[in-house]
């Protein structure tokens, strides 16, 4: 009998990806990029911080923190939005979970990776422990995002289509790279850190709509931090853990476009392709919400509607086809609920995904009037909407690029308002104002103490 792994086609001549990325992480100069990249790094950190603080009292965090406390952790690092302190690995876990709980975080649209969750959660915890500067934090953030997104580019969409949650399954490489950079590891040590992390991909799409979905960026953050610490202490791994025929990338995808990693590494930056959500749900729903909010702005009300017909890319229904969500977590993966709240409220923030809103009679009734059909000619970033009204009128909208996309981005003012909406209920209005000012200038901070203190409620 022939072993199956001897018959699986694999590229035995792949470039030395693990080594190449390790050398990039260890040697790229501090702030070795344009002012535009630097600005986007601060936008990414600001958005992540708001998304991490906002859900800090959510039942998802309460449950995860309860489990961590069973381990009697040492008080090394902060849990954002709370007075609790835990060991830095579990701080990375908890802050990563929190940052994704509302599904409101940054999105690299080319791969649907939410890159800051694993990376920022890991480096803030480690940086607090090390006494790192803001400059070191931003350097590590840019480099970590680059690693996770380039690996994502190389395997997307095939890897995602297999059922992996790509944020977690590439995020541990980003957090390992970022933590290696923050620790000042050399190229060989960083290569080992990436190799250790490569054996620990996190995240299945089956978990979407449950508490375990936000575990994926949190788990990836913890894995990456621990991998870097293990490498620091001499732990070893395969030097070809990413690219080898039985290495991570060829095992979890039948597409491995090495050029996506090797070309222009260190001169073009994936963080420039990062986007920020105006709506607290799966990114593929955003065009439909945008369209329904536009219908509302035209004066159309829920009671006017006979039915709403959507034409969407097949991925929209695969990811967000829950017709009758039972709670807020499921509502975040329902294009039907998104349309209903977009028309009724003109928005889809976290409040519109409260359990009581998901089950409110007028929302349920309007949701039932929304129909969706798939059309491969429609981009996953777009939607075609027809609203049929009870007076016989038909209103047609085509949204090519929703607000929050690269083509129609959120402004800094939009991000500040989103940040305030998330954070004020946790730390109050004045501390929120101070925190916004601090995160915009984190790259200039002599340490992270001021930001962390502001993230702690009175």
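Read-outs: derived from the displayed coordinates by stated rules, not from any lab. All values derive from a computational prediction rather than experimental measurement. We place every Cβ from the backbone using ideal geometry, glycine too, and count neighbours over all the protein chains shown.
The modelled label-to-label distance between residue 7 and residue 210, using points 7 Å beyond Cα along the C-beta direction, is 3.3 nm.
For region 358-458, the calculated P(r), taken from all Cα-Cα distances in 5 Å bins from zero up to the bin holding the longest distance, is 2, 9, 12, 12, 12, 12, 11, 9, 10, 7, 3, 1, 0 percent. Using only the C-alpha atoms, the convex hull of region 2-113 corresponds to 218 Å³ per residue. If the segment from residue 62 to residue 236 were pulled out straight at 0.36 nm per residue, it would be longer than the present Cα-Cα gap by 59.1 nm.
Helix 187-198 sits at what angle to the longest principal axis of the chain, using alpha carbons and giving 0 to 90 degrees rounded to 10? So the inclination is approximately 50 degrees. Per-residue ellipticity at 222 nm computed for the chain from its helices equals -15500 deg cm²/dmol, with DSSP H segments shorter than 4 residues left out and the rest contributing -39,500 (n - 2.57).
Taking a spot 7 Å from the Cα of residue 31 along the direction of its beta carbon, which residues of region 135-160 have an amide N less than 16 Å from it? Only 135-143 fall inside the zone, counting backbone N under 16 Å.
Given R0 = 51 Å, the distance between the Cβ atoms of residue 267 and residue 396 translates into a calculated FRET efficiency of 0.70.
State whether region 162-261 is rounded, prolate or oblate according to the following rule on the C-alpha gyration tensor (a ≥ b ≥ c being the square roots of its eigenvalues): a/c under 1.5 gives rounded; otherwise a/b larger than b/c gives prolate, and the remaining case gives oblate. Here region 162-261 falls in the oblate category. Full extension of the segment from residue 162 to residue 71, taken as 0.36 nm per residue of separation minus the current Cα-Cα distance, would add 29.3 nm. For region 4-275, pairs of C-alpha atoms spaced more than 22 angstrom apart make up 49 percent of the total. Annotation: the residues 172, 249, 410, sorted from fewest to most other C-beta atoms within 10 Å of their own C-beta, follow the order 410, 249, 172. Rounded if a/c is under 1.5, else prolate if a/b beats b/c, else oblate: with a ≥ b ≥ c from the C-alpha gyration tensor eigenvalues square-rooted, which is region 13-60? Oblate.
As a proxy for reagent exposure, ranking 165, 129, 159 by other Cβ atoms within 10 Å from fewest up yields 129, 159, 165.
When restricted to Cα atoms, region 219-336 yields an Rg and a Dmax of 21.7, 67 Å, respectively.
Volume of the convex hull of the chain (Cα atoms only), normalised per residue: 150 Å³. For the chain, DSSP calls about 75 percent of its internal beta bridges antiparallel. Put in order of Cβ neighbour count within 10 Å, fewest first, the listed residues 147, 363 become 363, 147.
Take every Cα pair under 8 Å whose residues are at least 6 apart in sequence, average their separation, divide by the length of the chain, and the relative contact order is 20 percent. The angle separating the long axis of helix 116-130 from the principal Cα axis of greatest extent in the chain is about 40 degrees. What FRET efficiency do you get for residue 324 and residue 254 if R0 is 41 Å and r is their Cβ-Cβ distance, rounded to the nearest 0.05? Computed FRET efficiency for residue 324 and residue 254: 0.70. Summarising the label geometry, the points placed 7 Å from Cα in the beta-carbon direction at residue 379 and residue 110 lie 1.5 nm from one another. Compute the Cα gyration tensor for region 283-399, then decide on rounded, prolate or oblate, letting a ≥ b ≥ c be the square roots of its eigenvalues: rounded whenever a/c is under 1.5, prolate when a/b is larger than b/c in the other cases, and oblate in all that remain. Since a/c reaches 1.5 but b/c is at least a/b, the shape of region 283-399 is classed as oblate. Would you mind checking the tilt of helix 35-53 against the longest principal axis of the Cα atoms of the chain, expressed as 0 to 90 degrees and rounded to 10? Relative to the chain, helix 35-53 is tipped by roughly 70 degrees.
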